[in-house]
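Notes to accompany the following structure.
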Amino acid sequence: MEKTESLAYDEPMSSVKSFFQAEQGSTSFPAAAPVETFSLAHFSDPHLSSLAAVSPRDLLCKRLLGYLSWWRKRRRIHRREILDALLRDLRQVAPDHLAITGDLTHIALPDEFRQVARWLERVGPPQEVTVVPGNHDAYVAVPWRDGQARWAPYLAADGTDEGPPFPAIGPPDEIHPAKQCGSSRR
């Protein structure tokens with residue numbers, strides 16, 4: 001085998017060994033540098049907010065269907081006591097970092113964003129917790145200041161906490177009236 005020849009993924013290990021033998025004059029792999037371990041815990045789609053005190057005005061537009069879905073099924077699945085038990089177990093494991101991805105809210109009501117912000121403060125500091133919102137966190141247009149801005153430190157890249165971390169069309173507080181829904185107009 002020539003030194004410049006690459007190996008196909010399906011070639012047997014003997015070909016890999018012969019490649020290293022030709023490259024280094026030995027069949028042993030190079031010694032790896034010492035590696036620090038890093039433990040990452042991951043929660044996905046916790047849907048942790050409550051919709052118990054939602055008013056009919058809050059359910060205008062698409063939110064009505066989301067609320068009915070929550071009432072019919074998801075309220076029995078996404079239960080706070082289960083999430084709290086998972087957090088207690090997680091504290092015993094003490095990972096280096098926690099990633100929370102997917103839906104933290106159900107229908108993106110401003111009160112849900114406040115509930116999630118309070119919960120995140122209990123979970124840990126932004127240096128130890130990262131949030132990547134899901135589609136339910138952008139269910140309808142919500143002004144930045146009333147929505148994900150409440151989580152900004154958890155959304156920011158390391159060392160920053162400026163503005164919306166995700167691509168936006170136009171300034172985050174300017175939402176076209178046709179895209180507004182329910183309580184986001186208040």
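A short reminder: the numbers here are calculations on the coordinates, not readings from a lab. This structure is a prediction, so every number in the text was calculated from the model and none was measured. Using ideal geometry, Cβ is built from the backbone for each residue, glycine included, and neighbour counts are taken over all protein chains shown.
Structure summary
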read-out	value
Charge sum, other residues only, whose C-beta stays under 14 Å from Asp84's C-beta, Lys/Arg counted +1 and Asp/Glu -1	+4
Net lengthening on full extension, Arg114/Val93 (0.36 nm per residue, minus Cα-Cα)	4.8 nm
Amide proton proximity set for Val132, modelled H, under 5 Å, gap of 5+	Ile100, Thr101, Gly102
HN-Hα J in Hz across segment 100-109 - Karplus 6.51, -1.76, 1.60, θ = phi - 60°, x for Gly and Pro	10, 10, x, 6, 9, 10, 9, 9, 6, 7
For segment 38-156, alpha-carbon Rg over 2.2 N^0.38 Å	1.06
Charge context of Ser39, other residues only, Cβ under 14 angstrom, K/R +1, D/E -1	-3
Residue-span extension gain [Asp45 to Cys61] - 0.36 nm each, minus C-alpha spacing	3.5 nm
Theoretical gain in end-to-end length, Glu81 to Gln127 [0.36 nm per residue, Cα-Cα removed]	14.0 nm
